[in-house]
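The block underneath contains the structure these notes are about, expressed in structure tokens.
Read-outs throughout are calculated quantities, based only on the coordinates presented, and are distinct from any laboratory measurement. These numbers were taken from a predicted model, which means no experiment stands behind them. Don't worry about glycine lacking a Cβ; one is built from the backbone with ideal geometry, like all the others, and counts go over all protein chains shown.
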Amino acid sequence: MLALGVSAPDFHLTDVVSGATISLATFADKPALLVMFISVHCPFVKHVQSQLAQLGKDYSAQVGIVAIGSNDIEKYPDDAPEHLQALAHAEGFNFSVCCDASQVVAKVYTAACTPDFFLFDRDRQLAYRGQLDDSRPSNGQPVTGRDLRHAIESLLAGKEVDANQRPSIGCNIKWIPGNEPEYFTGIRAEES
């Protein structure tokens, strides 16, 4: 896992909706940055996608937000840019959605599953890497975004984020054959 306090790795990806190039500099004026790894077909992402849209509505004025799809789009064509764009439109995402077809960004962020969340402070140091909340597709708990929201609120209030963080659980990132990173074991993720 990317260690707390590590600087946000830079990236340059195309927003599938606007066509703009998105990088860390895009969010230079924001006191926090949320990088989310998502998938169109993953049941864990489907379970929380409305909450992701709500996070955008609640925080995009103060927090830079970008969602990144990094799955192998040849074997999982539902995660191709046009489907990420359709998801963004259907859910009303008001944040950038990008496709990481080379999977380079997923690797440098040590993303393991979808959804996976990385929250950086004003200095772009990692303050939170964990779950959205305790809800899962089959456990009956409501999707509230509690854990991630608490971390965002702490950062915006100038407080330290609690270092006791529960990792995300979801579908393994679908790596291009032979492209699997050394850190990836699939321990944290469930296959779909």
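Which whole number in µm²/s is D for the stretch 13-172 by Stokes-Einstein, with the Kirkwood Rh taken over Cα pairs at 25 °C and 0.890 mPa s?
The estimated diffusion coefficient comes to 158 µm²/s.
Quick one: 3J(HN,Hα) in Hz for the stretch 135-142, Karplus 6.51/-1.76/1.60 with θ = phi - 60°, rounded, Gly and Pro as x.
Going residue by residue, I get 6, 9, x, 10, 9, x, 7, x Hz, with x marking Gly and Pro.
Roughly how many Å is it from the Cα centre of the stretch 1-53 to that of the stretch 99-135, as a whole number?
7 Å
Determine which lysines satisfy two conditions relative to residue 75: a Cα distance under 17 Å, and not lying fewer than 8 residues away in the same chain.
174
Hey, which lysines would be in cross-link range of residue 159, C-alpha to C-alpha under 19 Å, not counting anything within fewer than 8 residues on its own chain?
Within the straight-line cut-off, residue 159 pairs with 30.
Do any trypsin sites (Lys or Arg not before Pro) in the stretch 1-82 lie in a loop, going by DSSP, with at most 16 other beta-carbon atoms within 10 Å of their beta carbon, and if so which?
75
With each pseudo-label sitting 7 Å past Cα toward Cβ, what's the residue 62-residue 108 distance in nm, one decimal?
2.8 nm
Filter the trypsin sites (Lys or Arg not before Pro) in the stretch 124-174 down to the DSSP loop ones having no more than 15 other Cβ atoms within 10 Å, then list what survives.
159
Please turn the phi angles of the stretch 13-27 into ³J(HN,Hα) values with the Karplus equation 6.51 cos²θ - 1.76 cosθ + 1.60 (θ = phi - 60°), one per residue in order, whole Hz, x for glycine and proline.
The phi angles translate into 10, 8, 5, 5, 8, 8, x, 6, 7, 10, 8, 4, 4, 4, 10 Hz.
Could you pull out every residue, at least 5 positions away or on a different chain, whose amide H is within less than 5 Å of the one on residue 113? Hs are placed 1.01 Å off N in the peptide plane, and Pro or chain starts have none.
The list, which skips near neighbours in sequence, is 173.
Counting other Cβ atoms within 10 Å of each Cβ, which GluC sites (Glu not before Pro) in the stretch 1-99 have at most 16 and sit in a DSSP loop?
74
Explain nothing, just the number: relative contact order of the chain, from Cα pairs under 8 Å at least 6 residues apart, as a whole percent.
26 percent
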